[in-house]
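Reading through the structure tokens given below for one structure.
The values are calculated or read from the model by the stated rules, or taken from the named source; none is laboratory data. Keep in mind the model is a prediction, meaning the values are calculated, not measured. Every residue, glycine as well, gets a Cβ built from its backbone with ideal geometry; the counts of neighbours run over all protein chains shown.
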Amino acid sequence: MEQFSQDQMIQELYQGVVTQLNRTLQTQAAQEAEKELRLAEKIMKKIESRFLANPFASEQELQNVVQFTRGPLWKNAREYLANLQGRDLYAFTAKRLLKHRERPAGIPAQAPDFS
């Protein structure tokens with residue numbers, strides 16, 4: 001009975017990881033995507049800890065954990081987050097460059113009020 005509840009708990013944790021990774025892929029904001037990915041990583045650490053603490057875990061089960069963390073869902077989520085972060089960095093940089101281009105060097109950002 002205890003083994004069944006352990007297996008069920010691990011399945012629920014896996015489902016939580018999948019849910020978080022899918023949320024990562026659905027968000028448009030880099031900060032939100034990063035938050036979702038970090039939650040997936042936190043849940044995955046629980047799964048890994050359970051397997052490593054189990055002296056009866058088979059080599060195949062451990063290989064499955066490793067394959068899952070290196071699988072396409074994780075890879076896609078990490079690449080998606082990197083793309084969002086790159087997009088945000090590009091937008092920030094472009095905005096800063098435009099801001100500095102609008103006024104020639106030596107001219108203050110705000111003209112003094114002589115009224």
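For segment 37-70: of the residues being touching a residue at least 24 places away in the same chain (Cβ under 8 Å) and closer than 23 Å to Y80 by Cα, which is farthest from the chain's Cα centre (by Cα)? Filtering first and then ranking leaves F68. Q31 falls short on exactly one of the conditions (1) surrounded by 14 or more Cβ atoms within 10 Å (Cβ to Cβ); (2) under 9 Å from the mean Cα position of the chain (by Cα), and that condition is (1). Checking A82, A91 one by one, the residue that is within 24 Å of the chain's Cα centre (by Cα) and either at pLDDT 95 or above or surrounded by 11 or more Cβ atoms within 10 Å (Cβ to Cβ) (or both) is A82 and no other.
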